[in-house]
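To keep things clear, I will list the structure first and then write my remarks on it.
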Amino acid sequence: MRPTRVIKKPPVTKFKTTPNLTNYPLLYSKLKWPQIERELYNAAKDPYNLAHFCIDRHCTSSRKNKAALFWEGTDARREVYTFYDLYRQTNRFANALKSQGVRKGDRVFVFLDRIPELYISLFGGLKYGAVVGPLFSAFGPDAIWDRLYDSGAKVVVTSPELVGRLDEVRSKLPALKKVIIVNKKHRPFELRSHEISYEDMMRKSPETYFKPHTSKSDFSIMHYTSGTTGKPKGAAHVHGSISCQYATAKYALDLQENDIYWCTADPGWVTGTSYGMFGPWSNGISMLVYEGSFNAEKWYHLIEQYRVTAWYTAPTAIRMLMKAGDDVPKKYDLSSLRHITSVGEPLNPEAIVWGLKAFGLAIHDTWWQTETGAIMIANYPTLPIKLGSMGKPFPGIRAAVIDKNGREVAHETEGDLALKPPWPSMFKIYWNKDDLYRSKFQKGWYVTGDRAWMDKEGYFWFVGRADDVINTAGHLVGPFEVESALIEHPAVAEAGVIGKPDPERMEIIKAFVSLKAGYTCSTALAEEIKKFVRTRLAAHAYPREIDFVDSLPKTRSGKIMRRLLKARELGLPIGDTSTLEE
Ligand code: WT7
């Protein structure tokens, strides 16, 4: 038996609002995807389209004039869009794509900061039947080129601030025909022949309803995801994915009619679309978008100001809030919060313990991937949380831990985390990479590339990416458990752990550690930290080497890039770094 710390949940009557999911086993046994689809879609009259599910359908209901989007810009500018505003604007955008000669299925990429026009272009493109692709606005020319070239993008929506980076590679993009420029800051900008002013285009384009001609199996959105090696690959989804995003936003994120929901992820990453657009809006929820990046004080201030009730964020953000100090949240009124969820990396037990103190709420971990399109495993409002566990499979999803032959392994035995295909939001292709796509499906399973184990009660526990797992003298050690133990030490802010080749032990555990303010690195501190971890984990699972670093290399979605730490350590080529944060 592995030791577990459990947070028991209060009885349903004690919640601020009754959760949407009160009986997990019941919903697990009865959820059928076609039934979920019927909550959104009437085959006799509705078009099958994400923009319809997320925007248009609300405009024939009492939600028509409800705020869909509260936007706060970096310059403190604020804008509010109702569902009806979005309906009209996305009609304009779709009508404009038509008059520009764009065809159904053409790729339309959006390379913008988190401004309302990003949301309008993306949904306008979806409504039109284009395959849309978001790009992080921080991408440089090479990262842009990889994605636009591979997808054969015909249209890019960007801004005067960002277009320079596109210009550097435009001559190598033969498929790119139009560049639409959103000049939100009204800069002096002279359009060139291939460029179109977004503002002019929208003004001239009619706001009359554009009826989508898409079907359930048409491609909707593609996200480029970088694996551990090689170039990023474009995972493409279809309009039919909505059933999953809708249901998981309802039952895992627990979104409710009166919520003010904030997803802190950028739409360049799938969390920022599946749960920064599709999940909340298909449920008709009001959502906050903040243009700026992480800042502890600003984030708390936003929660206070907008009375945020439901919050979806990432372990890295929680760790940064922890690093900013326990006194900071006390300065703000965070009492509006009622449900907090997290994704992207393992959620360290210490982060949950801290969250309980800072917000009086447990942070609920959720697990999924770009390829899965939606949450697959989660902690739910009414189920006890086991600290360090990702929770249980979402209703309608079958998850398992399997061995090399596709057989399910015994409880508490580590193996490959796998999912039973298909489910509505399962990726349908890697663009131009059929063999790679097929290689992900083995013996009747979709194999996720993550290592995990399941306990007797059906909770899943994350061990690490298959490539990150460390083999030290025959013991397999996941970096997550070591990192979690490290950050329980009072001096440690963040930790990244790798296996370093060793003649004796095959690999030894090496940790890269950043310290909290007020601590200085020293050999004595390194020894103390090693000792500290030894008392918490098995004797073989402590880091034999510790390097102190100012910060850890992370992707833009906040994942610690362990392969980069390893490559640097071993002096190997560092591979694709287009998603690396500056
Ligand atoms: C990988 C997926 C995260 C969704 C958006 C797309 C890691 C994600 C968790 C979690 C432990 C997690 C996994 C997964 N991951 N969530 N709750 N606990 N690990 O993400 O860029 O496709 O990455 O992120 O390794 O396979 P992605």
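The values are calculated or read from the model by the stated rules, or taken from the named source; none is laboratory data. If you're wondering where the values come from, they're calculated on a predicted model, not measured in any experiment. Backbone-built Cβ (ideal geometry, glycine too); neighbour counts: all protein chains shown.
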Exactly one condition in (1) surrounded by fewer than 20 Cβ atoms within 10 Å (Cβ to Cβ); (2) closer than 24 Å to residue 553 by Cα is false for residue 511; which is it? (1)
I need the strands (runs of 3 or more DSSP E) fully contained in segment 13-126, keeping only those with at least 3 residues that are closer than 23 Å to residue 182 by Cα and either among the hydrophobic types (A, V, I, L, M, F, W, C) or at pLDDT below 95 (or both). 67-72, 107-111
Which ones in segment 546-582 are closer than 20 Å to residue 467 by Cα and more than 16 Å from the ligand (Cβ to nearest atom)? 567, 568, 569, 570, 571, 572, 573, 574
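On the given criteria, is residue 274 away from the ligand (no atom under 16 Å from the Cβ) and surrounded by 19 or more Cβ atoms within 10 Å (Cβ to Cβ)?
For residue 274, the condition - away from the ligand (no atom under 16 Å from the Cβ) and surrounded by 19 or more Cβ atoms within 10 Å (Cβ to Cβ) - is not met.
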For segment 527-545, state whether one or more residues are among the aliphatic types (A, V, I, L, M), under 19 Å from residue 324 (Cα atoms) and modelled with pLDDT under 95. no
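Any residue that is surrounded by 18 or more Cβ atoms within 10 Å (Cβ to Cβ) and under 14 Å from residue 111 (Cβ atoms) - is there at least one of those in segment 206-219?
No - not one qualifying residue is present in segment 206-219.
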From the set of residues in segment 533-567 that are over 22 Å from residue 143 (Cβ atoms) and in contact with a Leu (Cβ under 8 Å, 6 or more places away or on another chain), which is surrounded by the most Cβ atoms within 10 Å (Cβ to Cβ)? 543
Condition met for residue 576 (at pLDDT 90 or above, of a type in the set (Asp, Glu) and under 30 Å from residue 142 (Cα atoms)): no
Regarding segment 226-235, can at least one residue be identified that is modelled with pLDDT of 95 or more and within 19 Å of residue 97 (Cβ to Cβ)? no
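Rundown of residues vs (1) touching a Leu at 6+ places or on another chain (Cβ under 6 Å); (2) of a type in the set (A, V, I, L, M, F, W, C); (3) away from the ligand (no atom under 16 Å from the Cβ); (4) not in a helix (DSSP H, G or I), yes/no style:
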residue: 249; (1), (2), (3), (4): yes, yes, no, no
residue: 258; (1), (2), (3), (4): no, no, yes, yes
residue: 284; (1), (2), (3), (4): no, no, yes, yes
residue: 318; (1), (2), (3), (4): no, yes, no, no
residue: 332; (1), (2), (3), (4): no, no, yes, yes
